[in-house]
1. Between Leu19 and Gln106, what FRET efficiency comes out of the Förster formula 1/(1 + (r/R0)^6) with R0 = 30 Å and r the beta carbon distance, rounded to 0.05?
2. Can you list the GluC sites (Glu not before Pro) in region 100-204 that are in a DSSP coil and have 15 or fewer other beta carbons within 10 angstrom?
3. If you average the sequence gap of Cα pairs under 8 Å that are 6 or more apart and divide by the length of the chain, what percent do you get for the contact order?
4. Go through Lys131/Lys199; Lys78/Lys199; Lys192/Lys219; Lys199/Lys228; Lys151/Lys228 and tell me which ones have a Cα-Cα distance over 21 Å in this structure.
5. Helix-derived [θ] at 222 nm for the chain: sum -39500 (n - 2.57) over DSSP H runs of at least 4, divide by residue count, nearest 500?
6. Leaving out ligands, DNA and RNA, what percent of the accessible area of region 1-100 is carbon and sulfur, probe 1.4 Å?
7. If we count every other residue with Cβ under 14 angstrom of Met236's Cβ, Lys/Arg +1 and Asp/Glu -1, where does the sum land?
8. Please report the carbon-and-sulfur percent of the accessible area for region 107-244; probe 1.4 Å, protein heavy atoms only, DNA, RNA and ligands left out.
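The values are calculated or read from the model by the stated rules, or taken from the named source; none is laboratory data. Note that this is a predicted model, so its numbers are computed, not measured. Cβ: placed from backbone, ideal geometry, glycine included. Neighbour counts: every protein chain shown. Surface areas here come from the heavy atoms of the whole protein model, side chains and all, with no ligands, DNA or RNA. Shrake-Rupley method; radii C 1.70, N 1.55, O 1.52, S 1.80 Å.
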Amino acid sequence: MEDAQLYVSANALQRRDALVVLTEYLPQMVWQEEGEAVLDVGCGSGDVTRNLLMPLLPRVEQVVGVDVSTEMVNFASKTFQHNSLSFQHLDIERGVQPRNIFQLLQPGGEALLVFLARNPLFTVYQNMSEKTQWQPYMQDVTSFISVYQHKTDPAQAMMDAAEDVGFEIVSCEAPQFEFVFENINYLRNAIKAVNPFLKRIPRQQQDTFLMECLSELAKLKTQAEDGKTVARYNLMIAHLQRPE
Ligand SMILES: C[S@@+](CC[C@H](N)C(=O)[O-])C[C@H]1O[C@@H](n2cnc3c(N)ncnc32)[C@H](O)[C@@H]1O
């Protein structure tokens, strides 16, 4: 994700989901009296970190937001300054090996993993990558599709993976969420802001690519009769603990 400015203006779905999940799950986590160090992995533009996560934390000493995109980190550092908050560049997959989040936690430390388990947009990416015109720009499409997209029981698959790493599972579920996009312009911007392939496509073909993404999405019966688009997707919500 590279376009931070567009993302903050088109991330109502992500903000709604973050608020719902954080409100429910943060009170279930154990918070020490003296305050905690909190790491927000994949912090993006930083607005969720600063405006939703921080106000909901019971006791906090230091919050660090990290993201693989330097544009996101630069935008977040410039826009969301606070004494207890900093942003840094980190690719969590490669920067910390081999058990990334597990290894970053203190013994007894907790992680709340929240990410898209299943999403029609992943089907759109797959279908677009099979078209001759777009195939050259999407050869690594599978690395942008959730490994849980086609699992019959995504939560169980996540629990198995987390246990293999050494985590204790506090809870894990992959409930369905719905979000209504009121108009096509907002949907287009929301899709554009998170599209990992767009930058690779010659500028004069980018509008065509986005229009085709929207029509592939419409084929998945996401459009309501009143012109609104209803996104139905599953969020993985895993509350994990590194054993003492
Ligand atoms: C959909 S955005 C969510 C941003 C923010 N958490 C929010 O709720 O608005 C996902 C973010 O994860 C980042 N990301 C993806 N892979 C990553 C990795 N391996 N390490 C760190 N960040 C990553 C992307 O750059 C992107 O900014």
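1. Details: r = 27 Å, r/R0 = 0.90.
Here the calculated transfer efficiency is 0.65.
2. Sites meeting the loop and neighbour criteria: Glu130, Glu182.
3. Answer for the chain is 24 percent.
4. Those over the limit are Lys78/Lys199; Lys199/Lys228; Lys151/Lys228.
5. After summing the helix terms and dividing by residue count, I get -10500 deg cm²/dmol.
6. 48 percent
7. In short, -2.
8. 49 percent
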